[in-house]
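**Student:** Structure provided below as structure tokens; questions to follow.
The values are calculated or read from the model by the stated rules, or taken from the named source; none is laboratory data. Quick caveat: nothing in here was measured; it's all calculated off a predicted structure. With ideal geometry, Cβ positions are generated from the backbone for all residues, glycine too; neighbour counts draw on all protein chains shown.
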Amino acid sequence: MACAPVVPSRSTERDSKPRSGDRFMARGETAGYGSDCLESPGRGERCVSNTGLVSPLPGLRASGSNDTPWLPPWATNRTPLAGLARESSRTTKIWLASSATGKLASFLSAAILIFCATGCNPEKEQGNARDTESQRSVLLVLVDTLRADKLGCYGSDLGATPNIDDFAARSVLFESAFAHAPWTLPSMASIFTSLFPPQHGAGGRFPDFTVLSPDAPTVAEQFQRAGYATGAIVNVDFLTDTFKMTRGFKDVDAKFYGNNIEMRNATKTTDAALAWLKKHGHDRFFLLVHYFDPHLVYNPPAEYRRRFAAPEDREDAAWVFGKRKDMIDYRSGSISFDDETIHRAEKLYNGEVAYTDHEIGRLLRGLGELGIETSTVTAMTADHGEEFLDHGGFEHGHTLFNELVHVPLIMYAGAGTVPRRIKEVVGHIDLAPTLCALAGIEPSPTFLGRSLVPHLAGKPEGDHPVYMEGNFWGEPTVGLVEGGRKLVAQRGQTAQMFHLAVDPKEQMDERSSDAERANYMLQRLKTLRDRMLSEGVPTPTPPQMSEEQLRRLRSLGYIDSKSKP
Ligand SMILES: [Zn+2]
């Protein structure tokens, strides 16, 4: 494939429209921040007073009003949720029709050309016949509970992740990637569907879970329809058919155990992935590999325990942290952990991260040994992070602070990839459209995210607002990242705003010192959420779980032993 000038891709055409985020920043920086909101009550964006920022949390229910809706501008010409159900059957027909008319080929060419334009490596490409084909395979590596700041490529000095760091050095790393929820089920569902949590319906709240809406197409379904071999190697019930999360995966290799200590570890997960790749690696494939090791309990293999654990724990494999009963008691507030215990636990967690990194390295080397590395788009991210007293708490699912929602996102797009670091804010909903674009298949029209192909080509198009919500436990919380700030509003608490560039650890609440901006963001957050809810959200549907599944989730501390989901 020869280099060619940049040509407009579909995503660039769509995103060339003015963006609210840009307008927001322009007004904020040059024309008086927030005046837009304050001076335009006629638009329906009624600004709240400082005292009005206190609970109840705005936007936790549909307003029913006719407020001027605000949605991310890339969604304004779409129907992100309303009518999804009635459009779902039509969606399939549209997709089939468009792929049959050659739109796919032109879309693919545009996507690859814009990516190639600033960094083709013809010599490298000539060595791999797959690069001349029109479509690429995809390997999606999802690491459960992996904090971005534990990776060397994200600034850690632990030395725990040489393999991921090496992968990042030849890939495109997104420095400001965010999950849309701080726990597994809704976060993974946003990755799969390119929708925000209220729109895809998967999540709920401890212990009342809800399954993925049947009207939210998944990225795996897109690849399956395009004729790809699709496989998922997963290690938690939330990623199974029980929660309707395996739609589109022909092969589902799910391994669970009756407790949270004997889960399939990273070695066995990599073994399963390599076995699947030996069978399907020379077909067009879409493979999801889910690593669970950094999740509780923390019990790294001896080699990693010796390297990373606290001195008193290095030779004592008996001390594992995060057993079920302890976590349930901790969440309920009946017990607490002292700081020393949490710091000891964090060191074990670091060992789990290092062990997982080792196995990810083995997986990536396996691609090379199969001769498919440069013909495969490889993306790595995490569903959420983990807190170690960053804001006084522990574990995940309970806040929207960066230790839980700032996630690693690293993408290698095959031969010709020019390593970069991207500063612009992106969200997990952008992943599915990007994988489709890089592979050369049509994204679902329901995907709300944007293709990041321009970012990969070194032509990022600026930030887009990122919506997020929780919580799995603790008080319900919503958040918005926009204009370099994150606003977090938790029920029963005063909203907080943080300047992420100067305060990435979110220790200095700027809501009072920058009240106009905070009020503006709060109103935008409310409007976005009201809009999503007023357009209709999936009816909460509980999963049908067997006694065995209930027992497993209880073993992970996800269900109180006295609760019925
Ligand atoms: Zn998770």
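**Student:** Restricting to region 234-257, and then to whatever is outside any loop (DSSP other than H, G, I, E, B) and within 17 Å of the chain's Cα centre (by Cα), can you tell me which residue is farthest from the ligand (Cβ to nearest atom)?
**Tutor:** My answer is 234.
**Student:** May I ask you to verify whether residue 338 is over 20 Å from residue 143 (Cβ atoms), away from the ligand (no atom under 16 Å from the Cβ) and not polar (S, T, N, Q)?
**Tutor:** yes
**Student:** Something else: Given the conditions (1) part of a strand (DSSP E or B); (2) within 15 Å of the ligand (Cβ to nearest atom), report the number of the one that residue 349 does not fulfil.
**Tutor:** Of (1) part of a strand (DSSP E or B); (2) within 15 Å of the ligand (Cβ to nearest atom), only one is false for residue 349: (1).
**Student:** Shifting gears a bit: For region 354-363, state whether one or more residues are touching a Phe, Trp or Tyr at 6+ places or on another chain (Cβ under 7 Å), within 16 Å of the ligand (Cβ to nearest atom) and closer than 20 Å to residue 157 by Cα.
**Tutor:** So far as region 354-363 goes, yes, one or more of its residues are touching a Phe, Trp or Tyr at 6+ places or on another chain (Cβ under 7 Å), within 16 Å of the ligand (Cβ to nearest atom) and closer than 20 Å to residue 157 by Cα.
**Student:** With the checklist (1) hydrophobic (A, V, I, L, M, F, W, C); (2) modelled with pLDDT under 95; (3) within 16 Å of the ligand (Cβ to nearest atom) in hand, flag the one item residue 129 doesn't pass.
**Tutor:** (3) is the only condition that residue 129 fails.
**Student:** Would you confirm whether any residue within region 519-534 is in contact with a Gly (Cβ under 7 Å, 6 or more places away or on another chain), over 22 Å from residue 181 (Cβ atoms), at pLDDT 90 or above and outside any helix (DSSP H, G or I)?
**Tutor:** No, there is no match, as no residue in region 519-534 is in contact with a Gly (Cβ under 7 Å, 6 or more places away or on another chain), over 22 Å from residue 181 (Cβ atoms), at pLDDT 90 or above and outside any helix (DSSP H, G or I).
Conditions tested, residue by residue: (1) in a strand (DSSP E or B); (2) free of Cβ contacts under 8 Å to residues at least 24 places away in the same chain; (3) of a type in the set (Phe, Trp, Tyr).
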| residue | (1), (2), (3) |
| --- | --- |
| 467 | yes, no, yes |
| 480 | yes, no, no |
| 497 | yes, no, no |
| 501 | no, yes, no |
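**Student:** Right, residue 215: within 13 Å of the ligand (Cβ to nearest atom), among the acidic types (Asp, Glu) and touching a helix residue (DSSP H, G or I) at 6+ places or on another chain (Cβ under 9 Å) or not?
**Tutor:** Judged against the criteria, residue 215 is not a match.
**Student:** Something else now. With 170, 147 as the choices, which residue is modelled with pLDDT of 95 or more and within 15 Å of residue 361 (Cβ to Cβ)?
**Tutor:** 170
**Student:** In region 180-203, is there at least one residue being farther than 20 Å from residue 534 by Cα, more than 14 Å from the chain's Cα centre (by Cα) and modelled with pLDDT under 95?
**Tutor:** No; the residues of region 180-203 include none that is farther than 20 Å from residue 534 by Cα, more than 14 Å from the chain's Cα centre (by Cα) and modelled with pLDDT under 95.
**Student:** Of all residues in region 172-202 being among the small types (Gly, Ala, Ser) and away from the ligand (no atom under 16 Å from the Cβ), which is surrounded by the fewest Cβ atoms within 10 Å (Cβ to Cβ)?
**Tutor:** For region 172-202, the residue satisfying everything is 176.
**Student:** So residue 429 clears everything in (1) over 22 Å from residue 163 (Cβ atoms); (2) within 16 Å of the ligand (Cβ to nearest atom) except one condition, right? Which one?
**Tutor:** Every condition holds for residue 429 apart from (2).
**Student:** Let me ask you something else. Being within 16 Å of the ligand (Cβ to nearest atom) and of a type outside the set (A, V, I, L, M, F, W, C) is the requirement here; does residue 294 meet it?
**Tutor:** yes
**Student:** Of the residues 275, 220, 310, only one is surrounded by fewer than 19 Cβ atoms within 10 Å (Cβ to Cβ), among the aliphatic types (A, V, I, L, M) and touching a Lys or Arg at 6+ places or on another chain (Cβ under 7 Å); which?
**Tutor:** Just a single option satisfies the conditions, and that option is 310.
**Student:** Of the residues that sit in region 327-343 and are more than 28 Å from the chain's Cα centre (by Cα) and touching a residue at least 24 places away in the same chain (Cβ under 8 Å), which one is surrounded by the fewest Cβ atoms within 10 Å (Cβ to Cβ)?
**Tutor:** This residue is 339.
**Student:** Next up: Taking residue 516 as the residue in question, decide whether it is assigned to a loop (DSSP other than H, G, I, E, B) and of a type in the set (Asp, Glu).
**Tutor:** no
**Student:** Is there a residue in region 236-246 that is touching a Phe, Trp or Tyr at 6+ places or on another chain (Cβ under 9 Å), buried (at least 24 other Cβ atoms within 10 Å of the Cβ) and hydroxyl-bearing (Ser, Thr, Tyr)?
**Tutor:** no
**Student:** Now for a separate question. Please indicate, with yes or no, whether at least one residue in region 206-224 is over 30 Å from residue 155 (Cα atoms) and without any contact (Cβ under 8 Å) to a residue 24 or more places away in the chain.
**Tutor:** Taking every residue of region 206-224 in turn, none turns out to be over 30 Å from residue 155 (Cα atoms) and without any contact (Cβ under 8 Å) to a residue 24 or more places away in the chain.
**Student:** How many residues, within region 392-423, are more than 15 Å from the ligand (Cβ to nearest atom) and within 22 Å of residue 165 (Cβ to Cβ)?
**Tutor:** 16
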